[in-house]
Amino acid sequence: MNDLLKVRGLRVRYGATCGVADVELAVPSGAVVSLLGANGAGKSSILKGVAGLAEAEGEVIFAGRDLSRASARERVRSGIVYVPEGREIVAALTVDENLTLGGFMLDGRTRAARRSTILDLFPEISNRTRAPAWMLSGGEQQMLAIGRALMSAPRLLLLDEPSLGLAPLLIRRVFERLGQIRSETGLSILLVEQNYAMVSRFSDILYFVRSGQISGHRLASEIDVSEEGRRELLESYLGARH
Ligand SMILES: Nc1ncnc2c1ncn2[C@@H]1O[C@H](COP(=O)(O)OP(=O)(O)O)[C@@H](O)[C@H]1O
Ligand SMILES: [Mg+2]
């Protein structure tokens with residue numbers, strides 16, 4: 001498989017604080033790659049570094065192009081779209097207006113076509129298009145945040161903890177839809193997720209992040225899914241009890 005994204009020597013800084021250093025990872029075309037690690041390990045920093053939303057050094061090669069120095073907007077145009085933790089939809093705007101924002105660079109006809117595809121995919125929000133986003137439930141807001149990101153037809157979705165604050169049934173539903181989009185469009189996903197059970201089923205490759213560095217990676221298919229195997233794996237890479 002070709003690598004859609006290749007990252008080498010990525011370092012993300014917040015003033016004097018280092019978010020992550022020496023990060024090397026790859027996302028093969030069409031794959032779901034997940035980052036696992038404790039709070040504060042550096043998972044969001046990696047996504048922000050790839051999205052161009054943090055002060056970063058290192059190489060970001062996307063679809064064969066060097067985007068290391070590209071602005072966040074150029075990266076969106078190239079097909080990298082970030083869905084931040086906590087959803088960050090615009091609460092005061094309606095569902096429709098949020099979707100329009102996600103497709104700001106499209107012509108009217110393409111935007112209308114994408115909008116209708118996304119509303120087909122997320123029927124939960126399709127009859128709420130005129131409602132302000134703050135009126136939606138947490139799960140519906142997450143669907144809207146993902147839907148908004150999909151408006152620009154990205155090739156790589158950077159998803160930061162999409163299950164945060166959602167009930168188990170909704171988590172399953174959000175992941176089902178992501179699976180559907182993946183099989184229909186070949187979208188690649190770099191995912192941060194705490195829900196290990198969901199991650200191991202949904203991902204092709206897992207990267208472990210510990211104290212601002214990648215401590216290892218494994219193919220999901222190689223991982224022993226027993227409780228014991230899971231504990232050993234997480235302890236060996238993350239050093240903590242999970
Ligand atoms: N905006 C920020 N300003 C200063 N330090 C930050 C900021 N965001 C993250 N950090 C620091 O960078 C490190 C990695 O954080 P983060 O990438 O958010 O971890 P994770 O997503 O794994 O919880 C932590 O030590 C955190 O305190
Ligand atoms: Mg985070």
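The values are calculated or read from the model by the stated rules, or taken from the named source; none is laboratory data. This is a predicted model, so every value here is computed, not measured. Every residue, glycine as well, gets a Cβ built from its backbone with ideal geometry; the counts of neighbours run over all protein chains shown. Accessible surface is based on the protein model in full, side chains and every heavy atom, while ligands, DNA and RNA are left aside. Shrake-Rupley method; radii C 1.70, N 1.55, O 1.52, S 1.80 Å.
Details
- Unique residue being open to solvent by 60 Å² or more (accessible area, probe 1.4 Å), hydrophobic (A, V, I, L, M, F, W, C) and either without any contact (Cβ under 8 Å) to a residue 24 or more places away in the chain or under 28 Å from L36 (Cα atoms) (or both) when the list is L157, L144, L164, L150: L164
- Filtered residues of the stretch 71-93 (kept if open to solvent by less than 30 Å² (accessible area, probe 1.4 Å) and more than 16 Å from ligand 1 (Cβ to nearest atom)): R75, S78, G79, I80, V81, I89
- Residue match in the stretch 106-113 (condition: touching a residue at least 12 places away in the same chain (Cβ under 8 Å), away from ligand 1 (no atom under 16 Å from the Cβ) and surrounded by fewer than 23 Cβ atoms within 10 Å (Cβ to Cβ)): yes
- Enumeration of residues in the stretch 55-70 that are open to solvent by 80 Å² or more (accessible area, probe 1.4 Å) and touching a Lys or Arg at 6+ places or on another chain (Cβ under 9 Å): E55, E57
- Of residues in the stretch 25-48 being open to solvent by 10 Å² or more (accessible area, probe 1.4 Å) and in contact with an Asp or Glu (Cβ under 6 Å, 6 or more places away or on another chain), the one farthest from ligand 1 (Cβ to nearest atom): P28
- Extreme residue, farthest from D160 (Cα to Cα), among residues of the stretch 114-136 that are polar (S, T, N, Q) and surrounded by fewer than 13 Cβ atoms within 10 Å (Cβ to Cβ): N127
- Residues considered: A149, A145, A153. Of these, the only one that is assigned to a loop (DSSP other than H, G, I, E, B) and under 22 Å from L5 (Cβ atoms) is A153.
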